[in-house]
DNA sequence: GTCTATACAGCGATAGAC
DNA sequence: GTCTATCGCTGTATAGAC
């Protein structure tokens, strides 16, 4: 089974759905094939048919996650005209994930990074690089249009944004209180756009 | 064995040293009694004498970590006169941890939160609360002295600071490049103090 | 593509000797 | 306080029937 299962492979997709949620909630070292199999009412052996090893499953998870994120970013760029609106839309992706009591898949995997199979590690790197590249472009455009005030490079600001949002999810979930996320995420955008952004924007 | 071992219990302290590093590097679900025992050249059974269960070990880890953090914060408050200097000192605590390729103990545990024994979960909450209370006081004092510009409440700014620093560690370690940490952490302080803070300050 | 059955290592934890 | 020995369970992974 390839890292990227065929789009029509319904069982493989269901496996990815369940495993993705389990990683986002419990971590890569906090779930097992047995957990996925039980939820789908199939056997562990059937799982291994679709994803021979846990590392392969992890790599496929990131692959799909990156694809979907790239699609979300493309949609954001197509919808929102202003850089500030694109950034608010970007933050909303994190907010919506946290609302389901999940962390970002790759934020979770970043914590467990030192224990991950090599293919999963490089996927994590790819995800962050992808995000920062998109953000840096939005920030560069916004700065050129006078919408965004950059203190340093656009790339550095992109890194700071991703770090801030990942951190906001991380320290919010134990308290189960979205107000903490807003307190942590708000200043990230406010500092760039020079505006106060209220919760839910 | 109590959650807080006697200060003179040398073996227990060595166990905590090793376990702490293992959790910070690999996570609570990424290390085992066997790992600790092998490193200390004792048996798993001896470990269980000092910490009957893994949950008890985890609780003791946080207990000591909170004590040490409280001591560091008290030392910072005693040394640095300005609020900005205290905040820089606070950020340096995170930087120094990351330099050893470790995450914050409780940042790591926050990622794994949903899988942790209850006693460990409440310890994580306690750690963040402790940090935010200290930061909120520094920020309040700094605002009163005109050193700090707060857009919202001091408590919200404290939450944002902790989130930003935890996130900076999280997204830096996979890249093994401290420049990423500086890019992510710099704006956190700059936004409060109105100054650009260069790496290493 | 899914099953039963199983291999084999590792896990947290305990009993009891010293 | 540390040991040997072991328990019961779960982990990932595989073989081979259907």
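Throughout, read-outs are computed from the coordinates displayed, never taken from laboratory work. All values reported here derive from a predicted model rather than from experimental measurement. Backbone-built Cβ (ideal geometry, glycine too); neighbour counts: all protein chains shown.
Values for this structure:
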read-out	value
Matching residues, the stretch A:15-38, being more than 19 Å from the chain's Cα centre (by Cα) and farther than 16 Å from residue B:114 by Cβ	A:33, A:34, A:36, A:37, A:38
Residues that are part of a helix (DSSP H, G or I), without any contact (Cβ under 8 Å) to a residue 24 or more places away in the chain and more than 16 Å from DNA strand C (Cβ to nearest atom), drawn from the stretch B:46-92	B:67, B:68, B:71, B:72, B:74, B:75, B:76, B:78, B:79, B:85, B:89, B:92
Residue count, the stretch A:15-45 (criterion: farther than 29 Å from residue A:171 by Cβ and either surrounded by fewer than 18 Cβ atoms within 10 Å (Cβ to Cβ) or in contact (Cβ under 8 Å) with a residue 60 or more places away in the chain (or both))	8
Residue count for the stretch B:133-154, restricted to those that are facing another protein chain (nearest Cβ under 9 Å) and buried (at least 17 other Cβ atoms within 10 Å of the Cβ)	0
Residue B:60 crowded, with 19+ Cβ neighbours inside 10 Å and within 15 Å of DNA strand D (Cβ to nearest atom)	yes
Scan of the stretch A:26-45 for residues that are part of a loop (DSSP other than H, G, I, E, B) and within 10 Å of DNA strand C (Cβ to nearest atom), ordered by number	A:41, A:42, A:43
Test for residue A:12: is it part of a helix (DSSP H, G or I), out of contact with any strand residue (DSSP E or B) (no Cβ under 6 Å at 6 or more places or on another chain), within 11 Å of DNA strand D (Cβ to nearest atom) and free of Cβ contacts under 8 Å to residues at least 60 places away in the same chain	no
Total residues in the stretch A:99-115, condition touching a residue at least 60 places away in the same chain (Cβ under 8 Å) and within 12 Å of another protein chain (Cβ to nearest Cβ)	11
